[in-house]
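These notes are about the structure you will find just below.
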Amino acid sequence: MDARIRSAGIPYDPFADQPLRCTVDMSTSSVRAREQFELFQSWNDGVFDVQLLKAADASFQVRQRIWQLGDLALIAVEYPGFGYNIQWEHRKRPLLDHLMLYVPATRSPDGVKRAGKPALRCLALPDIGSGHNDLLVALFLPSTLPATNPSRIEVSDAKLNFLADYLLLLYRSLPDLREGDMPHIVTATRNLFAAALTPSNDHLQAAQGPIATVAAARIAQFLMERLPDPDLTPDKLCRAVGVSRSRLYRIFEPAGGVSNYIRRKRLLKSRDALADSSDRRTISRIAEECGFTDASTYSRMFKLEFGISPKEARELGWQGVRHAAWLSTDQPVEDVCSLSNLLINNSLGLSLSSKR
């Protein structure tokens, strides 16, 4: 038992270190094809009226999972994808007045799910829509959220996109979360929504943790798209993402600093290319296209990082050998007890499994 918990007199939760459990996990595959959409409709009774406008065949394969996070609920619905279209409408006499933030996603031709336009709705207000998404991630918040007026939701596109980024980051982090993280999740999420919907100094100050995690995710994405740029500097990052230098340094502290993070990500990208037998680029070309301008410096840094030279890594990779040293992954910051640190680790691509 943590000494801080014992000394504070807080009851010890024996399940705190258990993986966060999915409260509901349902699939229409449990019934016959012609009954699948009717089953899906029943899941939404009391919240939405759902109609099937178009279907490629009689089946409607859907999986719906719900994670109960205190008085919040996070839902992920995996739809059949192309070939169908559904219409949903808020109930005429609503039973609930929750706020709902949702982000749809569709699968691109290359197999990658890409997020669509997010929306923030109140279940107590009339609303109707249709779509044919591959995935829908939604967060339901009670109308008791501080200083919000569910009958009048006004939020700018910039704030809405920020909330959507946080929701997707939280969804991707679910496998790494523990039951003991739940109080942090609820507090951080409520603070972030309060800061976005009714900004004030107090709300903004309380939301600094989740704001930092979203900033980290956006910076990490920007970095991965521009790793080949040899002039990728902290100042350029600050200007592109709109954060101060001091905040940038705080965000990347878990990764040993922004420069170390960039260097390691470049090395990992080059390592993956070297191990790919279908990649016939020269080693020097791979190094250059990963942002290394000097071949000898690259070779020295690669060997220092992975324990073998780029040439040896290519030989091992093409032989199908999985060498533990050069297949090592990023390591997380040791202190991941807070939701903020856990999400920042997740957004920076730092592994948590080795610490569990």
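Read-outs throughout are calculated quantities, based only on the coordinates presented, and are distinct from any laboratory measurement. Values in this document were obtained by computation on a predicted structure and should not be read as measured data. Virtual Cβ from ideal backbone geometry, glycine too; neighbours counted across all protein chains shown.
For region 217-223, the Karplus equation 6.51 cos²θ - 1.76 cosθ + 1.60, evaluated at θ = phi - 60°, returns couplings of 5, 5, 5, 4, 5, 4, 5 Hz by residue, with Gly and Pro reported as x.
Between SER29 and SER278, the C-beta separation translates, for a Förster distance of 35 Å, into a calculated FRET efficiency of about 0.50. Amide H to amide H distances under 5 Å link TYR79 with LEU135, LEU136, where only residues 5 or more positions off or on other chains count and H is placed in the peptide plane. Here the spin labels are modelled as points 7 Å beyond Cα on the Cα-Cβ line, and at ALA58 and GLU315 they lie 6.1 nm apart. Sequentially through region 31-40, phi angles give Karplus couplings (6.51, -1.76, 1.60; θ = phi - 60°) of 10, 5, 3, 6, 9, 5, 5, 4, 5, 4 Hz, Gly and Pro residues having no value and appearing as x. Close amide-amide hydrogen proximity is noted between ALA119 and TYR102, each under 5 Å apart and 5 or more residues distant or on a separate chain (H modeled in the peptide plane; Pro and chain starts excluded).
Of LEU160, LEU177, LEU170, the sequence from fewest to most neighbouring Cβ atoms within 10 angstrom is LEU160, LEU177, LEU170. Converting phi to 3J(HN,Hα) with the Karplus coefficients 6.51, -1.76 and 1.60 and the offset θ = phi - 60°, region 44-49 yields 9, 4, x, 10, 10, 9 Hz in sequence order, with x at every glycine or proline.
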